[in-house]
Structures are given as C-alpha cells and as structure tokens.
Amino acid sequence: MSKYLIAEIKDNRPVNKNHNLLVLDSPGIPETPSPGQFYMVGIEGTNDPLLKRPFSLFREGNGEIHFLYRIKGKGTGLLRQMEKGEKVSLLGPLGNGYPLPPKNITPLLIAGGIGIASLFPLAAKLSDSAILFYGGRTGDELLMLDELKGMVKELIISTDNGSAGKKGTVIDVLNIFLTSNSQLLTSNLLLYACGPSPMLEAVSRVASEKGIKGYISTEGNMACGVGACLSCAVNTKKGYKRVCKEGPVFAIEEIVW
Ligand SMILES: Cc1cc2nc3c(=O)[nH]c(=O)nc-3n(C[C@H](O)[C@H](O)[C@H](O)COP(=O)(O)OP(=O)(O)OC[C@H]3O[C@@H](n4cnc5c(N)ncnc54)[C@H](O)[C@@H]3O)c2cc1C
Ligand code: FES
C-alpha cells in the first residue's frame, strides 16, 4: 500500500556538480519498498511546481529513505536548494519493482547515467551474484563507485570519452563482455536495465539478438503517479500501459520501440 506522508530533510548534499543525495527522515513509511519502486516527491507547502516528481528508491533503512537525483529542470533545481529541517511530501512506494532472478541465474545489471539510482538497491540485494555495467558520459558523472565496488561480484564501468573505465557506451561494453564470455549460456543470464531511452532500446536489441531475457525500467512523463492521468503511457505488445502503475519495470520483449 502506498501512502502520502510528509518527511523532514536530514541532508541534501551534492555528490557531484549536478547530482544530489537527498536523505529523509521516514517515520511512517508503510512497508519496505522493493528495488525498482519509486516515490512521487514534492516540495511541501508550495504549489510551484504543482506536480510532484518521480524518484526511484535509492536506499532505505534506519528510519531514513534516500534518493539520488540529477538536477535537470525546475523541480529538481528547487529541490537542490532545500535544506536540512525543511519538509517534502512523499507518495509511495509506487510501481512494481524488479522481479528477483531465480537461483543459479547470473543477473547482468546495466545502468546508464542516473539509471544507477534505480539499480543500486537491486545491486545491494543481489550483491555478489550480480555483474554491474555502469556507464556515464565522463568519469566525474559516475556516482557512488566506492560503495558499488564492494557490493557486486563485478563492476564494469565505462565512459563515452574514456575518462574512466572502458571507453565506449555501456552497450558496447556489454556486447564485448557477451562475446568474450560466450561460454555463459544465455539462458543462465538475466538482464536488468535502467537508463535513457536510447540505451534501453539498445539493450532490447541485444536481448533479442542474443536470446537473453530480462527487465527494463522505463521513464515516462508523470503527472499523477497513481494511474489516473495516463500521461506516462508506453506502447507495449499488449497495448498502452502506464509506467506508474503497470511499470516502471517491464519485461524487455514487452516494449514496442
Ligand atoms: C519511475 C521514475 C523514476 C525516476 N527516478 C529518478 C531518480 O531516482 N533520480 C533522478 O534523478 N531522476 C529520476 N527520474 C527522472 C526524474 O523524475 C526527472 O528527471 C524529474 O522529474 C525532472 O524534474 P524537473 O522538474 O527538474 O525537470 P523538468 O524537465 O522541468 O520537468 C520534468 C517533467 O515534468 C513535466 N513538467 C514540468 N512542468 C510541468 C507542468 N507545469 N505541467 C505538466 N508537466 C510538467 C515536464 O514535461 C517534464 O517531463 C525518474 C523518472 C521516473 C519516471
Ligand atoms: S502518471 Fe498519471 S497515469 Fe501514470
């Protein structure tokens, strides 16, 4: 059951020049949210911006809930200016979250940019069974690397300009990995991806070419977050579905690009 609540900001610190970590006191969070679920977050006491913005659960526990966010436009610009002791409104947890892999399956997590926010709690849950591919434009765009290193079986980072990790897109690196580990049976792999739409489309192509199953967390323009306004609808093989209600996580082969 999702719930509407007001939470106090304990910290809202920059992690690099255009990303912040928001730490909230979370008394009354109704249930333990699952990796891949999200919250609608708004600035308490103002109607500007009118609409709350969706953010993935990044981390929770010890009476706190954390969000990792990229400063993009008006809403996140205002959120960045908020300080300890100020309040935000929260609606959540919302959406379906990532189904966990069966035993003996190797999960390959593919994060592009701020997509790491959604995959981080999944990586923490799967820990040393997961291989995480994490790509950014440049090295200073990659977040939480120290924590991620100790968390997963293998962390493979990449940057478009080669300033950290392997040079190329996260998809280039995934393809090289799959080619050079051809002894891995594709039926023993499961993909989990979150990132910009072109990256998700490319993951879908790889999955289809190699016959690998998996899940992607899609983005949609959200207004209500609870299935009422249809602003977040995406085209699937079974018709339009709401990212906020039937998603944000869909089986890879389900989405029509
Ligand atoms: C399920 C999900 C999880 C996400 N998780 C994260 C996360 O963990 N971290 C993260 O950084 N980002 C995440 N995002 C993306 C994040 O929600 C956007 O970057 C954020 O909403 C940007 O808000 P903004 O106001 O700064 O940007 P803007 O570009 O100003 O606005 C964001 C959206 O709201 C719409 N909008 C703005 N104003 C109005 C208006 N007046 N009326 C109607 N629509 C309007 C815009 O069309 C735009 O699509 C997630 C998105 C989804 C769907
Ligand atoms: S945001 Fe309103 S239906 Fe999804």
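Each value in this text was obtained by applying a stated rule to the coordinates, not by laboratory testing. Everything quoted here is computed from the prediction, not taken from an experiment. FYI the Cβ positions are ideal-geometry reconstructions off the backbone, even for glycines, and counts take in every protein chain you see.
Computed over segment 87-236, relative contact order equals 22 percent, with contacts defined as Cα pairs under 8 Å that lie 6+ residues apart. Working ranking of peptides 155-162, 144-151, 67-74, 89-96 by packing, defined as the average number of other Cβ atoms within 10 Å per residue, highest first, is 89-96, 155-162, 67-74, 144-151.
Okay, which of segment 76-90 sit inside 15 Å, backbone N to the point 7 Å along the Cα-Cβ direction of Tyr4? What the label zone holds, given the 15 Å backbone N cut-off, is 88-90. Between Arg205 and Ile105, the contour length at 0.36 nm per residue exceeds the Cα-Cα span by 33.9 nm.
Relative contact order for the chain using alpha-carbon pairs under 8 Å, separation at least 6, rounded to a whole percent? Could the numbers behind the result be given before it?
Details: 580 pairs, mean separation 44.0, N = 257.
17 percent.
If I model the chain as equal point scatterers sitting on the Cα atoms and use the Debye formula, what is log10 I(q)/I(0) at q = 0.10, 0.11, 0.17, 0.18 Å⁻¹? Each listed q maps to, in turn, -0.47, -0.58, -1.37, -1.51.
Listed as lacking a disulfide-compatible partner in the chain: Cys194, Cys232, Cys244, by the criterion of no other cysteine Cβ under 4.7 Å.
Taking only the alpha-carbon atoms of segment 3-94, what semi-axes of the equivalent ellipsoid follow from 5 times the gyration tensor eigenvalues under a square root, in whole Å, largest first? Before the final figure, lay out the partial values.
Working: eigenvalues 66, 42, 33 Å².
Values for segment 3-94, descending: 18, 15, 13 Å.
When its C-alpha radius of gyration is set against 2.2 N^0.38 Å (N residues), segment 30-77 gives a value of 1.24. Here's the picture: a label point sits 7 Å out from the Cα of Leu184 along the beta-carbon direction, and within segment 206-238 the residues with their amide nitrogen under 20 Å of it are 206-217. Note on segment 106-254: along the principal axes its Cα atoms extend 43, 33, 29 Å, ordered by decreasing extent. Does anyone have the angle between helix 116-126 and the longest principal axis of the chain? Alpha-carbon axes, 0 to 90°, nearest 10? Orientation of helix 116-126: about 70 degrees from the principal axis. The alpha-carbon of Lys241 sits under 30 angstrom from the alpha-carbons of these lysines, leaving out residues fewer than 8 places away in its chain: Lys3, Lys52, Lys72, Lys74, Lys103, Lys125, Lys210, Lys213.
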